[in-house]
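The values are calculated or read from the model by the stated rules, or taken from the named source; none is laboratory data. What you see is a predicted model, and the numbers here were worked out from it, not measured in a lab. Positions of Cβ are generated from backbone atoms using ideal geometry, with glycine treated the same way; all protein chains shown enter the neighbour counts.
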Amino acid sequence: MGSVPNPTRAGSKRLAAIKASSKLNLQVPDDDDASSSLSDISSSLSEISSSASNASSNLNSAHYVSSRTQLLSDIANDDMDLDLQDESDNQPTKRRKINPPNKKRLTTAQKNTAARELSERLFSGEADGHDVDALCSSIPAHARSSQHSLVYHRPLLLHGLTSFSARGALLAWFDGVSTARAMPWRKAWIDPTQYDGEKELRQALERRAYEVWISEIMLQQTRVAVVKEYWTRWMVKWPTIQDLAAATHDELLAAWRGLGYYSRAERIHAAAKLVVADCNMKGLLPADVAELEAKIPGVGRYTAGAISAIVFGRAAPMVDGNVLRVLSRQLGILGDVKTNKKVVDVLWQAADVLVKQVVEDGNDTEDTLVKNESDRPGRWGQALMELGSTVCTPKPSCSQCPITSTCRAYGEGYALTTVATNGSTTSAVGDIEDLCTLCEPIEKVVQQEEDRKLPPLQAIVTGVHAIVENMADLIATVTTNGEPSPATRDLTKRELEVIANHAKRFPLRHPKKKTREEECLVCAVRRSSDGRYLLHRRPAKGLLANMWEFPSYTLPSVSDASASAPQERNKAAAAKFTSELLGVDADAVFAITPRLKTVGALGTVPWVFSHLKLTMHVHRFDLIIDADDDDMIDSSDATGKPQQKWATSDEVDTASMGTGMRLCWSLVQGKRLEQ
C-alpha cells in the first residue's frame, strides 16, 4: 500500500496546479504569433509530461508524496518562468543526444521461454503464496496511465471474487439469446450418451461437423444476415459432405456467387473431396484441433476450435475478431489485435484457459466425474462471439453486457466518471520489472484523438492543462482495495457514454489505409453468326480465381491533365484491346478476316473489394463473320480446363462470375442497374 497523502495539503497543491494551468492559458499567444510559440509550448509540455510520468511510476512509494508535492509547488512558483510570449528569456535547453541501446534479437528458445513466463504470470493459479482471486480483485480499475503492472491484466473472468458467477452469467445470457437471430446452423449439442449405436452416432456427428464447418467458412468476412440464406440453399443442394465432394467446380462457384472471397469455395471443395476419400476420416471431420488444422485445407485454428468445441464438445478456444475485442476489453489490454502477435497470443491463451475453466465449472456443479466432452465449450465459445457481435461491438452497449463486473475497460471507464465528478482517481503501478509491455500508452491514444478534433496549437495547450490536472489528481489519490466492479446504482446516460467511449479504445485501432483504386475496360464481344459471347477464365490464383469474365483490360494510371477526355480514351483503348485480342487468333484460324464493329459504351459499374475499388467501363462489340467460318477460339490449359470459350446467353447466365461482372452482363443485356 502506498502512503496516503494529507487531504488538506493535497487540496492546496491542487489549487496551485490549477493556478499554473490558468497561467498557461492566459499566456497563449494571438493567432498571428501562434506558429512562433509552438516550439516553446511543446517544450513545456514535454517537461511537464516527463514529470507526470515519473509521478505515476512512484505512486506507491512514500517518497512520491513529498517529491511530487515539491514539484507542484515549483510549477506554481513564480520563479518557474512559463511566459510563452517572452522569447528572449526562453533559450532552448541543450540536450545531450543519447543513442538507444542495440536490441538483441531473441532466439526461438528465448522467445518461447518469455512467452511461457508471461502466460504463467497472467493465467496461473499461483501468485507467490497469495490468494489469486483476492489479489486480482484488490487491484482496482483506474483511470489508466502509461505505466501499470502486468498483473493488472490477469483476467477477472478467470481470477476474481466474482469470476465464477460472471462465467455463469455469460452462459445464462447466451442461452437466453441464442435463438434470437435464428441462425439455422445453431443446434443442440450431440450428446454421445444419447445414442445406442456407433453407426448412428457417427452419422449424426458427420452431418453436424459438416454443417458447422460450412457455416464458419461462410461467416468469414460475411454478415450473418447474408450467410443464413446462402447456408440454407447450400444444405438443400448438398446435404452431406459426400454430396459436396461429388459436385462440379462450376456448380460450386455458382452456389457461392455473391459471397465473395471465392478462394474459400475452392478450399471447401478440395477439403470435402479429401475427407470423403481419406481411409481414416471416411467423411467425418477430425475432432482434434491440431489434426483439423494439419489435414483440412482452409481450416485455421479458429475454425478448428469451433468444430472441436461445438460439435465434439472439447475444451478448445474459439477466437474470431469479435472475441479478440471482448477479451481485449475484459483484460484491459490496449494493443493491436491485427499486427501485434504478442497481444494476439496472450488473448488466445486467455481464451484457452477460460474455456477449460468453464468445463471445470460444469464438473463442479454437476457433481460428476470429470467430463472430457460436454456442451459447455461450444456454448461458451458461441457466447463470447455473440457478445462481441451484438453487445461488445466496436461501439459497445455496456449497459446490456452481463459481465461488466469483470471488464477492465468498463471499470476504467467508470473510474473516469468518478474523476469527472469527484476530481479523484486511482492507479496501480508495480515494480519496474513488473510493468506491462503489452499496452500502447493511453496518453498517446488520447492525444491522437484530441489532435484529430482540435487545431494544432489548441491541442497542445489542452494537453498541458490535462497533464497539470492529472498530476494534481495523482497527489490527491487515495487507493482503496476491494472488488473493482462499479457501484450498483443506476448509471446516468452521461456516465454510460463516458464508459462506452473509453471501451471503444479497446482494442487499439490504427487509421485504415486508403483503398487502392483501379479502372478497367470490360469488353463484351458478341459473335454475329450465332449470338454467342466470348468469355475468359481468370487465373487459378488471386482475385476471383478461376471465375469467368468478359475480356477485361486494366487501364494504366493517368494524370488529371491527360484524362481530360476519359470517354474517348476508354473507347479507343477498348477497340485497340479487343482488336489485338481477336487478331492473334484471326491470323491462325480464321479463313476470312473478321470485321470488328464497335457497338458503343454501355455504362460504368463500380465495385468494391476489401482492398480495391474497381471501376468497370463496359463496352460492346460485334464480331462479324460468316456462319461457316471456323474460329476455334475455345482453348484449354494443361489441366484441361477451358481458358476461353464462346457462350450462349443462357450459359453466361449460369457461368461462375463475380457479382461485379454479373452487373456488367446486365448492362450488356440492356437492363438498368439499381442505384
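What to note about this one:
- Which numbered condition Leu347 misses (of (1) at pLDDT below 95; (2) under 30 Å from Arg154 (Cβ atoms)): (1)
- Set Ala304, Ala309: member being buried (at least 23 other Cβ atoms within 10 Å of the Cβ), in contact with a helix residue (DSSP H, G or I) (Cβ under 8 Å, 6 or more places away or on another chain) and free of Cβ contacts under 8 Å to residues at least 40 places away in the same chain: Ala304
- Cross-chain or 6+ apart pairs with Cβ under 9 Å, the stretch 167-187 first and closer than 23 Å to Arg223 by Cβ, then in a loop (DSSP other than H, G, I, E, B) and hydroxyl-bearing (Ser, Thr, Tyr): Arg186/Ser178; Arg186/Thr179
- Exactly one residue out of Gly313, Gly321 is at pLDDT 95 or above and closer than 30 Å to Glu360 by Cβ, and it is Gly313.
- The set of residues in the stretch 114-128 being at pLDDT below 75 and acidic (Asp, Glu) consists of Glu126, Asp128.
- Subset of the stretch 192-225 that is at pLDDT 95 or above and of a type in the set (Val, Ile, Thr) - its residue that is surrounded by the most Cβ atoms within 10 Å (Cβ to Cβ): Val212
- Test: residue in the stretch 195-206 that is assigned to a helix (DSSP H, G or I) and under 19 Å from Ser389 (Cα atoms): no
- Screening the stretch 557-675 for strands (runs of 3 or more DSSP E) wholly inside it with 1 or more residues that are at pLDDT 60 or above and exposed (fewer than 13 other Cβ atoms within 10 Å of the Cβ) returns the ranges 595-608, 612-624.
- Of residues in the stretch 409-442 being part of a helix (DSSP H, G or I) and over 17 Å from Leu491 (Cα atoms), the one modelled with the lowest pLDDT: Ile432
- Only a single criterion out of (1) within 30 Å of Trp548 (Cα to Cα); (2) within 24 Å of the chain's Cα centre (by Cα); (3) part of a helix (DSSP H, G or I) is not satisfied by Tyr261, namely (3).
- Subset of the stretch 232-249 [under 22 Å from Glu549 (Cα atoms) and surrounded by 15 or more Cβ atoms within 10 Å (Cβ to Cβ)]: Ala247
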